[in-house]
1. Can you tell me which condition ASP2 does not meet? The list is (1) free of Cβ contacts under 8 Å to residues at least 12 places away in the same chain; (2) exposed (fewer than 12 other Cβ atoms within 10 Å of the Cβ); (3) of a type outside the set (A, V, I, L, M), and all the others hold.
2. Among the residues that make up region 40-62, is at least one of them among the small types (Gly, Ala, Ser), in contact with a Phe, Trp or Tyr (Cβ under 6 Å, 6 or more places away or on another chain), touching a residue at least 12 places away in the same chain (Cβ under 8 Å) and buried (at least 16 other Cβ atoms within 10 Å of the Cβ)?
3. Given the conditions (1) surrounded by 14 or more Cβ atoms within 10 Å (Cβ to Cβ); (2) over 11 Å from the mean Cα position of the chain (by Cα), and given that ALA15 satisfies all but one, which numbered condition is not satisfied?
4. Please go through (1) part of a helix (DSSP H, G or I); (2) modelled with pLDDT under 95 for ASP80 and return the number of the only condition it doesn't satisfy.
5. May I ask you to verify whether GLU22 is within 23 Å of MET1 (Cβ to Cβ), in contact (Cβ under 8 Å) with a residue 24 or more places away in the chain and surrounded by fewer than 17 Cβ atoms within 10 Å (Cβ to Cβ)?
Amino acid sequence: MDIDTLNKKIKDIIADVLAVDEKKVVPEASFDTDLAADSLDYTALAAAFEDEFDVKITNDELMEIKKVKDVLDILSKKIDIEKI
C-alpha cells in the first residue's frame, strides 16, 4: 500500500465514523475541536482502523492522537508502506 492510498482510507474511515464531510478531514484537523469527536468516537475510530488495516492500536497510541495527521503517523509505522 502506498502513502496516498493509506491517507485516503484513513480519511474515508474518519468521515464515515464521525459522520462529517470528507472536506473537513484534513491533516491539521483536530479531532476534538474541528471534528467534534468524543471519547466514544476515539474508541470507534480505533476499532475501525484495527479492522481495516489488521493492526493493534495501543491505549498509549490512542492517547497521542490529537489531529488527523497523528493517525497517519501511527498507522504508517505499523503498515508496510511502499516508498515511491
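1. Exception for ASP2: condition (1).
2. Within region 40-62, not a single residue is among the small types (Gly, Ala, Ser), in contact with a Phe, Trp or Tyr (Cβ under 6 Å, 6 or more places away or on another chain), touching a residue at least 12 places away in the same chain (Cβ under 8 Å) and buried (at least 16 other Cβ atoms within 10 Å of the Cβ).
3. Among (1) surrounded by 14 or more Cβ atoms within 10 Å (Cβ to Cβ); (2) over 11 Å from the mean Cα position of the chain (by Cα), ALA15 violates only (2).
4. (1)
5. No.
The values are calculated or read from the model by the stated rules, or taken from the named source; none is laboratory data. None of these values were measured; they are calculated from a predicted model. Positions of Cβ are backbone-derived with ideal geometry, glycine not excepted, and every protein chain shown enters the neighbour counts.
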